[in-house]
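Scroll down for the structure; my scribbles are underneath it.
The values are calculated or read from the model by the stated rules, or taken from the named source; none is laboratory data. None of these values were measured; they are calculated from a predicted model. Heads up, the Cβs are rebuilt from the backbone with ideal geometry, glycines too, and the neighbour counts pull from every protein chain shown.
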Amino acid sequence: MEIITYQEFQGDLFSGTDDFALCHCVSRDYNMGKGIATIFKNRFGRVEELKAQNANIGGCSFLNDNGRFLYYLVTKEKYFQKPTYESLTQSLVCLKNHCLRHGVTRIAMPKIGCGLDKLVWNRVREIILDTFSNSGIAIRVYSI
């Protein structure tokens, strides 16, 4: 396996990433009423399909969108709660394992867990780098 390819970009997560799997954080209730989660909900829908997967906190659910995976990292129970670094780490491990099983080699994401969820980006970045090191999965992080 190769060392992780990691890049950060300013710009729109949904521009130029058609060949990347996408991921973001959600609550287990899949409310998705604020932030980038609202964009995922409006753009991709299929919320009942996500709920039916019954992912626990620290897990992830996914949609297959014409051959591209969309990952929903379940980092908290209810939309008004905040995730922990532990739940985010567990969800990222779930994401990595699914990617490895399904041949996904590129993931694009926002600065997950930060924004509305209030985790500190420098720490989240380290968790991402640690989780995906030597996985062969390239990561792109987008911020506006």
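Close Cβ contacts (under 9 Å, 6 or more residues apart or on different chains) running from residues in the range 63-77 that are more than 10 Å from LEU92 (Cα to Cα) and without any contact (Cβ under 8 Å) to a residue 40 or more places away in the chain to residues that are crowded, with 18+ Cβ neighbours inside 10 Å and hydroxyl-bearing (Ser, Thr, Tyr) comprise LEU63/TYR71; LEU63/TYR72.
Only residues that are in a strand (DSSP E or B), surrounded by 16 or more Cβ atoms within 10 Å (Cβ to Cβ) and either in contact with a Ser or Thr (Cβ under 8 Å, 6 or more places away or on another chain) or of a type outside the set (Phe, Trp, Tyr) (or both): list them for the range 61-92, please. SER61, LEU63, LEU70, TYR71, TYR72, LEU73, VAL74, THR75, LYS76, listed by residue number. Of all the criteria given as (1) free of Cβ contacts under 8 Å to residues at least 40 places away in the same chain; (2) under 18 Å from PHE9 (Cα atoms); (3) in a loop (DSSP other than H, G, I, E, B), the one not satisfied by VAL124 is (3). Within the range 7-51, the set of residues being without any contact (Cβ under 8 Å) to a residue 12 or more places away in the chain and small (Gly, Ala, Ser) comprises SER15, GLY16, GLY45.
The single condition among (1) aromatic (Phe, Trp, Tyr); (2) within 19 Å of LEU119 (Cβ to Cβ); (3) in contact with a helix residue (DSSP H, G or I) (Cβ under 7 Å, 6 or more places away or on another chain) that PHE62 does not meet is (2). The listed residues are LEU116, LEU95, and the only one of them that is surrounded by fewer than 20 Cβ atoms within 10 Å (Cβ to Cβ), aliphatic (A, V, I, L, M) and within 22 Å of SER143 (Cα to Cα) turns out to be LEU116. For the range 18-25, the criterion of being crowded, with 19+ Cβ neighbours inside 10 Å and touching an Asp or Glu at 6+ places or on another chain (Cβ under 9 Å) is met by at least one residue.
Considering the range 35-48, the residues that are surrounded by 13 or more Cβ atoms within 10 Å (Cβ to Cβ) and more than 20 Å from THR89 (Cα to Cα) include one that is modelled with the lowest pLDDT, namely GLY35.
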